[in-house]
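I have placed the structure first, in the form of structure tokens, so that the comments after it can refer back to it.
The values are calculated or read from the model by the stated rules, or taken from the named source; none is laboratory data. Please read all numbers here as calculations on a predicted model, not as lab measurements. Don't worry about glycine lacking a Cβ; one is built from the backbone with ideal geometry, like all the others, and counts go over all protein chains shown. These accessible areas exclude ligands, DNA and RNA; they are computed on the full protein's heavy atoms, side chains included. Shrake-Rupley method; radii C 1.70, N 1.55, O 1.52, S 1.80 Å.
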Amino acid sequence: MDEGGEVAIVTLTRPGYETALRLAQALPGKITVFIPADLSLPAGRLDGNTLNIKSYAGPLSQFLGQIFHRYPSLIMVMAVGIAVRALSPHLVSKKTDPAVVVVDVAGQHAVSLLSGHLGGANALARRVAAVLNGRAVITTASEVQGLPPLDLVARDLNMDVRPAAAFSRVMAALVNGVPVEVLVERPLLKTVEGALRDLRPRPLENCFPEGVAKAGILVTWRRLPLPGPQWVYWRPRVISAGIGCRRGAPAETILYALGLAMAEAGLSRRSLAALASVDFKGEEPGLKEAAARLNVKLLTFTSEELARCLEHRPNLNRSERVKRFIGIPGVCEPAAILAAGGGELLWPKKSYRGVTVALALAK
């Protein structure tokens, strides 16, 4: 649970309500306490005028179905068995289900039940236990064994993980004591070492080192084959694409050109972080749609910014034709470099069906 995140607390009984109030008064963020409509409460207790307390009617499971995916975090003050039976019809995936922590009515145990790592239930259970002077119950295999939670590390490093099925096999290898290799593009080695020091990441060069493990993680923006079926890609979002296009260029043409450029450059689309162009192209419908479909940012730069980049990088391509139209001799190469924070040009501009594309690696 993030600090300040929205939390729903659901309880069934008067003792559970008392525990829920203790949590609602101590936890950060917006807290809503849900109680059964027919629950009689002692006079003088805090009510909805002081805390956000609401009542619900009908079966517990039916009510949970209404709120389950409305809240990122859910605390259920009741027996674990009741919680499991009530929640089971509504479970979808650990990637989308909220964090669920179950607390006994006496507040002695806070059980991380669902979405322990990605959803934050483990952290929430610890926070709840601290408020109630109880004990957090964590059963996540990697955490119990003191191993790095790979899914959480990947998320924190903003890595795109593919294929998902193989990632589960890599995590299983880790908790079963099978050696897990981590091969990393050299510019990212220190970052990954800081997060996975116990796995001793090694630099990824132009070919795989000898003696790679049966299972592992390949941290790269390049299109390279995986060493085996128990390996996964971690794709860092470090590639920026400078785009030059005519007015009215459709998204399909831009996406086609970008796809060809990245394939020819040997780069993974999963590592794309942004599209970039000159500022007056920022409202081009095709560019905006292409960025939205790729789920990346669309960055724009003024002619002056692009001209300064060209001045500082005399090796960049220049076009008199482009200069006649927009006043500067190039767009896509300096735009890609600026979007990459002044990084390295990996792929010089090339035209595909009237769309020019250049690719740069973040600094």
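Values as computed for the structure displayed
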read-out: Some residue of region 266-283 being touching a residue at least 60 places away in the same chain (Cβ under 8 Å), closer than 19 Å to Leu361 by Cβ, open to solvent by 20 Å² or more (accessible area, probe 1.4 Å) and not basic (Lys, Arg); value: yes
read-out: Neighbours by Cβ (under 7 Å, 6+ apart or cross-chain): first from region 322-339, under 15 Å from Thr356 (Cα atoms) and touching a residue at least 12 places away in the same chain (Cβ under 8 Å); second charged (D, E, K, R) and in a helix (DSSP H, G or I); value: Pro329/Glu320; Pro329/Lys323
read-out: Residue that is most open to solvent (accessible area, probe 1.4 Å) [pool: residues in region 319-363 that are under 13 Å from Leu258 (Cα atoms) and of a type in the set (Val, Ile, Thr)]; value: Thr356
read-out: Filtered residue count, region 208-220, keeping only those that are open to solvent by 20 Å² or more (accessible area, probe 1.4 Å) and either in contact with a strand residue (DSSP E or B) (Cβ under 6 Å, 6 or more places away or on another chain) or basic (Lys, Arg) (or both); value: 3
read-out: Qualifying residues in region 165-190 (those that are of a type in the set (Val, Ile, Thr) and more than 16 Å from Tyr233 (Cα to Cα)) - the one modelled with the lowest pLDDT; value: Val175
read-out: Subset tally (residues that are at pLDDT 90 or above, more than 19 Å from Val170 (Cβ to Cβ) and either part of a loop (DSSP other than H, G, I, E, B) or touching a helix residue (DSSP H, G or I) at 6+ places or on another chain (Cβ under 9 Å) (or both)) for region 191-230; value: 4
read-out: Filter result (in contact (Cβ under 8 Å) with a residue 24 or more places away in the chain and either surrounded by fewer than 18 Cβ atoms within 10 Å (Cβ to Cβ) or in contact with a helix residue (DSSP H, G or I) (Cβ under 6 Å, 6 or more places away or on another chain) (or both)) within region 254-264; value: Ile254, Leu255, Tyr256, Leu260, Met262, Ala263, Glu264
read-out: Filter pass, Ala292 being open to solvent by 40 Å² or more (accessible area, probe 1.4 Å), free of Cβ contacts under 8 Å to residues at least 24 places away in the same chain and either hydrophobic (A, V, I, L, M, F, W, C) or within 30 Å of Pro163 (Cβ to Cβ) (or both); value: yes
